Amino acid sequence: MASDIHQLLKTYFGYETFRSPQQEIIEHTLNQQDSLIIMPTGGGKSLCYQLPALAMEGLTLVISPLIALMQDQVDALQANGIAAAALNSSNTSSEIEQIKSQIAERTLKLLYISPERAVSPAFINYIKSKKINFIAIDEAHCVSIWGNDFRQEYTRLPELMQHFPKVPYMALTATADRATQTDIAEKLALRNPQKFLSSFERKNLHLQVQPAIQRLHFIKDYVVQRKEECGIIYCLSRKSTEKISSALCEVDIKAAYYHAAMSSDERSRVQQAFQQDEIKVICATIAFGMGIDKSNIRYVLHFNLPKNIESYYQEIGRAGRDGLPSDTILFFSFQDAQILRQFIDESTADESFKIVQRSKLNRMLEFGQASSCRTNMVLSYFGEHRSEACGHCDNCLNPPEHFDGTVITQKALSAIKRLDENVAINLLVDVLRGSERKEIVTQRYDQIKTFGAGKDISREDWLSYIGQMINQGLVEIDFTEYNKLKVTHIGEQVLFEAQKVKLSKPAQVTVQGKAEKSKTATFEDALFNHLKDVRRNLARHEDVPAYVIFNDSTLQEMVNERPMYLSDMASISGVGKHKLEKYGDIFLDAIQSFVLKESTPKNIKGKTYLETYTLLREGHSPEEIAGKRALNLVTIYSHIAYLYEKGEAVDISSYIADDEINEIAVAWRKIGKPDTLKDLFGYMEEKYPYYKLRLAISFIKRG
Ligand code: ADP
Ligand code: MG
Ligand code: ZN
């Protein structure tokens, strides 16, 4: 069985291996058992039901709550040559007829359906006589009132399921704490389900937090450096989304905004243009995202503080679904915390709900000001405890340097006291830095003893230090009174009893982010962009999201491997049989013509080999090629050896005999497989010319 599912994985999806729990889950389902799957966004849940659907006879039902998501999945499946369809309120009657006839002919493999339709008597009546092999319930947390997004219709799903008592059920979610997990299993009446929990760590996401200073300026620089990449910028207000988007458009970025006050036509236009890579950057309120399954989002920026860690993690989770390194940057400010707190206070919800929301916001604040591994903070928030550091957050990569901050802290605490604990953080920093702005002069704050006592420290650093003081419990923010700062009891010990305080140096913030960019665009970047253009044109033509054709990691692998033949193309991850037939030649052509045309004359991996290769295939001898290309013969032989080593269909037997290869191989191994040929040449007493040595070694290496 294992080999069958591997074969299906390769043939239909073009992948070589399963991600960690996928294989177990699939086998479990093929053994007719129920399962509950908790995997992070981008973890690869879809494959867990799509693959058994292919391995089993009959039709698989997939319950999914969002029409846009369904359509994207169906597009993606069809692009892989899998018969799939979606039934929801947007179908025309002829589409419905077509789906029904595919079901009658037993050709359809997967049917996506919205929960409201799935539980309608008409559908149940229709489907109950059909051969259903199993039922997958995506976004299963919707069944629980404890979850993030309760939907009444989900609770009625057992009405459908009871008609198929013999098939396995699979419930999948990316967000469910312990209570919700149990609730899902109960509400869906799963039968002794096996729970598959995979870690919530997203290793390809770089987590970074920085003070919300000159955000817009930073964002402009940041985005301009990655013009070709797609990203989302989340904002609290509609106005900010419009402001940032127009600032980006001014510097020639294809940006757009997205918020709930736009017409639904306008919103779906923007969303679709983003899916097809025509718009690169979306500046959005949190209204944007639920229907987004785009795999090549390279960064998610939070212009404002998210309201809790669940939202934060779900939003950044939209980056890097294709597994490539992606940036996430959160701009942190206490003002945002104040605004969010006001939202809670002013909402009409009952007090117990507000208490929970406030404490969630506090955890978000702690996260923003943390000086230890941020990933671990998130994991522990979701109940996963781990002590080793993640290595892909800002605090891990640039561990804060600690120093004796007693004097700095005393200055701040003393200023707070002298200002009668009557000011918020920004004003405090201005006083410490000796600003003479109007409010300070009229309030006579410039007269206090600590006025200007912290001139030598930048505004940014002060904000960080005061944040650390808050975290260490030396200072408190009075959220009920304009965020005024108060010195706590522990703070007083520092102020009056000279208790020592450790602070850490704020990390140097650079526009580089993590998914590091070199300043000059390389040949590889240019080829990558070229392939993206090819993909975009195909996507537009076929009216599907760009990543449905191939996702970024597949294109990147093409850039690295530079396939020359369809057989090379087939070994690229993400190129299944169907896509190979449909797009293989188009992308091969695109790669080869680009490599040949690219005018940069030197140091391009591949180009010189390709020229030799082309001439060789036209039937020229190495001598002729050397003449035509004005290169020496040894160079041409080294090209041939290289091509052979890379697995090209080059026949080297006309240049070197088998027993010569064997003799050279023995000698080469004997002297420890040196990298240069000189030692080998000497060791063999100059018996063979360099080019033969080179050819023999390429033969050994090709294996
Ligand atoms: P989820 O539903 O858990 O958020 P998806 O099912 O959308 O995640 O998968 C995210 C991405 O991972 C998709 O682009 C998918 O093609 C890719 N993927 C899934 N499984 C594998 C695998 N075994 N090898 C390579 N890529 C995979
Ligand atoms: Mg999914
Ligand atoms: Zn970390």
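So the values come out like this:
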{"item": "Estimated inter-spin distance, residue 251 and residue 628, nm [label 7 Å along Cα→Cβ]", "result": "4.8 nm"}
{"item": "Computed over the stretch 519-702, Cα set: Rg, Dmax in Å", "result": "19.5, 65"}
{"item": "Other-chain or far-sequence residues with amide H under 5 Å of residue 484's (modelled H)", "result": "478"}
{"item": "CD proxy at 222 nm, helix term only [per DSSP H run n ≥ 4: -39500 (n - 2.57); per residue of the chain; nearest 500]", "result": "-14500 deg cm²/dmol"}
{"item": "Cα centre as origin, Lys/Arg/Asp/Glu Cβ charges: the stretch 2-197 dipole, Debye", "result": "380 debye"}
{"item": "Antiparallel %, DSSP beta bridges [both residues in the chain], to 5", "result": "10 percent"}
{"item": "Selected from 485, 427, 468, residue furthest toward positive end of dipole (the stretch 402-504; charges at beta carbon)", "result": "427"}
{"item": "Nearest-10 value in Å² for the accessible area of residue 199, using the 1.4 Å probe", "result": "50 Å²"}
{"item": "Cβ-derived FRET efficiency at R0 45 Å, residue 387 paired with residue 268, nearest 0.05", "result": "0.50"}
{"item": "Whole-percent carbon and sulfur share, accessible surface of the stretch 2-197, 1.4 Å", "result": "48 percent"}
{"item": "Rg over Rh, two decimals, the stretch 205-397 (C-alpha only, Kirkwood Rh)", "result": "0.96"}
{"item": "Per-peptide average of other Cβ atoms within 10 Å, ordering 672-682, 215-225 highest first", "result": "215-225, 672-682"}
{"item": "Directionally averaged shadow of the stretch 123-279, computed from the convex hull of its alpha-carbon atoms, nm²", "result": "13.5 nm²"}
{"item": "Charge-dipole axis of the stretch 119-259 as Lys and Arg at +1 and Asp and Glu at -1 on Cβ define it, positive-most pick from 214, 136, 165", "result": "165"}
{"item": "Share of carbon and sulfur in the accessible heavy-atom surface of the stretch 519-702 [1.4 Å probe, %]", "result": "50 percent"}
{"item": "Debye, to nearest 20: dipole size of the stretch 1-66, +1 on Lys, Arg Cβ, -1 on Asp, Glu Cβ", "result": "220 debye"}
{"item": "Accessible area of the chain divided out per residue, in Å², using a probe of 1.4 angstrom", "result": "46 Å²"}
{"item": "Whole-percent carbon and sulfur share, accessible surface of the stretch 205-397, 1.4 Å", "result": "50 percent"}
{"item": "Rg/Rh ratio calculated on Cα atoms of the stretch 402-504 (Kirkwood radius)", "result": "0.94"}
{"item": "Rounded to the nearest 20 debye, dipole of the chain from Cβ charges on Lys, Arg, Asp, Glu", "result": "640 debye"}
{"item": "Beta bridges per DSSP with both ends in the stretch 205-397, % antiparallel, nearest 5", "result": "0 percent"}
{"item": "Residue 261 paired with residue 542, simple spin-label distance in nm, labels 7 Å along Cα-to-beta-carbon", "result": "3.9 nm"}
{"item": "Descending Cα extents along the principal axes, the chain, whole Å", "result": "92, 75, 48"}
{"item": "Residues whose placed amide H lies under 5 Å from that of residue 60, excluding near-sequence neighbours", "result": "110, 111, 133"}
{"item": "Amide H partners (placed H, <5 Å) of residue 502, local residues excluded", "result": "405"}
{"item": "Residue (of 641, 576, 529) at the positive-pole extreme of the stretch 519-702, dipole from beta-carbon charges", "result": "529"}
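The values are calculated or read from the model by the stated rules, or taken from the named source; none is laboratory data. If you're wondering where the values come from, they're calculated on a predicted model, not measured in any experiment. Don't worry about glycine lacking a Cβ; one is built from the backbone with ideal geometry, like all the others, and counts go over all protein chains shown. We work out accessible area using only protein heavy atoms, side chains counted, and drop any ligands, DNA or RNA first. Shrake-Rupley method; radii C 1.70, N 1.55, O 1.52, S 1.80 Å.
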